[in-house]
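Student: I am attaching a structure below and will ask some questions about it afterwards.
Any read-out appearing in this document is the output of simple, stated calculations on the displayed coordinates, not a laboratory observation. Small disclaimer: the values here were computed from a predicted structure and weren't measured. Note that we place each Cβ from the backbone using ideal geometry, even for glycine, and neighbour counts take in every protein chain shown.
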Amino acid sequence: MNPMDLAVSSAEGAGMLGGMPAFAGATLMHYLVVSAAMFVIGLIGFLTRRNLIVMFLCTELMFQAAGIALIAFGRFHMNHSGESFVIFVLTVAAAEAALALALVVLLFRRKETLDGTAWKELKG
């Protein structure tokens, strides 16, 4: 038996069709549309909500949308720079979440509200 025939038959048994992945129908455009939709949902949520926790969650959603786009472009161009940038994005998102939690606790102790409009008069 030809070694190529063995590779194709084992690939078919592992969820691949004719040597192609089972999800090969998803193109770069599909991932970018999902990423853009997630980013727009996060942006709209950030601009329309006044609760600080919801605003930070919308920021995290925008970070994840950027991560999907970076991974999709990296996979499309067959290099790993997209995945490397996602590690940095996740690091920034984790630092942002830690600072946001501390800020929310501090602001809530001072004014007993999480409404962002209550903090318009901040002076620095």
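Student: Just need the relative contact order of region 38-124 here, percent rounded to a whole number, with Cα pairs under 8 Å and 6+ apart. Let's see the in-between values first.
Tutor: Values: 68 pairs, mean separation 25.3, N = 87.
So the answer I get is 29 percent.
Student: Shifting gears a bit: Dipole of region 26-112, Cα-centred, from +1 at each Lys and Arg C-beta and -1 at each Asp and Glu C-beta, to the nearest 20 debye? Could you put the intermediate results ahead of the total?
Tutor: Working: 6 positive and 4 negative charges, 69 e Å.
So the magnitude is around 340 debye.
Student: Right, another one. In sequence order, what are the phi-derived ³J(HN,Hα) couplings for region 57-64 according to the Karplus relation 6.51 cos²θ - 1.76 cosθ + 1.60 with θ = phi - 60°, rounded to whole Hz, with x for glycine and proline?
Tutor: Taking θ as phi minus 60°, the curve returns 5, 5, 5, 4, 5, 5, 4, 5 Hz for region 57-64.
Student: Now for a different question. Tell me which residues come under 5 Å, amide H to amide H, from residue 51 once H is placed; ignore anything under 5 positions away on its chain.
Tutor: 116
Student: What are the ³J(HN,Hα) couplings of region 65-79, residue after residue, when phi is run through the Karplus curve with 6.51, -1.76, 1.60 and θ = phi - 60°? Round to Hz, x for glycine and proline.
Tutor: Values per residue, Gly and Pro as x: 5, 5, x, 4, 5, 5, 5, 5, 5, x, 5, 5, 8, 6, 9 Hz.
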